[in-house]
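Have a look at the structure below before the remarks.
A short reminder: the numbers here are calculations on the coordinates, not readings from a lab. The structure presented is a predicted model; accordingly, all values stated were derived computationally and were not measured. For neighbour counting, all protein chains shown are included, and Cβ atoms are generated from backbone atoms with ideal geometry for every residue, glycine included.
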């Protein structure tokens, strides 16, 4: 069955392009976003890749600020370190209200250590992705994500439940935990994601002091954000996942596992983009002459720059796709 890309680009609000590293998902994400923009959809292309592959693909300087690269196409490259710093500063600002002046120094020290801890970048990026979906869909017709591994997306979808469990643990030692827990009962796991979270004002909060009410408001706002994100990504009318892979064993196995995981979580998978398929006339002399000429240049550069490192050459294909014009040509070929 042939994958119909034009209907996806014209009807969806969110496209998540995933796949094993190195299979070309950044290049294809760019091509899809370019085609959507050409078709008239106001499109935002977002990369969460710390290697800054989006900037390399377009041949432009792209950073954490939205950059217009052609009519109807805005691109954004999230920097994990920048997102972690902003995330921890928000946490510090909130936590200052709940600790005494004598504990602020220790709090700052712990957060500095947290900056380099496992999962810090992922937590910051996941929250940023949720914010982009929440705010970006009000301004753009389509958001295309050049995504991190599938596991990150699954964790993003599980955050409402994770937050509820964390909240219960936080409240366990609160002197008014019983009362506050009842106020937060609407944040517990098991509630249908098809319904918005209840407004905390509907619950009795008279017994809470101002700090506790502010804590409740913060927790509610964050979980509401993640609930809205999950509803969007789980809605086949709005969102679709595309997997990019090459016809090789390891990309195939990883894609198979990823598709199974998403389908098990009831996340819509729209189809596969099988990249770098060798042409039937692979022995065409002009094809190999063009490729070998370019390859010789790059191999010389590699020897000059990295010749001290162990190397192994692995066979491949005709010209790199570089810059906006190259991506535009790919978009036309792709669709």
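Here the peptides 121-127, 2-8 are ranked by packing, the mean other Cβ count within 10 Å, and the order with the highest first is 121-127, 2-8.
Sorting the segments 93-105, 28-40, 231-243, 12-24 by their residues' average number of neighbouring beta-carbon atoms within 10 angstrom, most packed first, yields 28-40, 12-24, 231-243, 93-105.
First check a/c for the range 32-109, with a ≥ b ≥ c the square roots of the eigenvalues of its C-alpha gyration tensor; if it is under 1.5, answer rounded, and if not, answer prolate when a/b is larger than b/c or oblate otherwise. The shape class here is prolate. What shape does the range 1-138 take by its C-alpha gyration tensor, where a ≥ b ≥ c are the square roots of the eigenvalues and a/c under 1.5 counts as rounded, a/b above b/c as prolate, and the rest as oblate? Prolate is the answer for the range 1-138, as a/c is 1.5 or above and a/b outweighs b/c. In plain terms, the residue of 217, 325 with the fewest other Cβ atoms within 10 Å comes first and the most crowded comes last, giving 325, 217. Label the range 82-141 by shape, choosing from rounded, prolate and oblate, from the square roots a ≥ b ≥ c of the eigenvalues of the Cα gyration tensor; if a/c is under 1.5 it is rounded, and otherwise prolate applies when a/b is larger than b/c, oblate when it is not. Oblate, because a/c is 1.5 or more while a/b does not exceed b/c.
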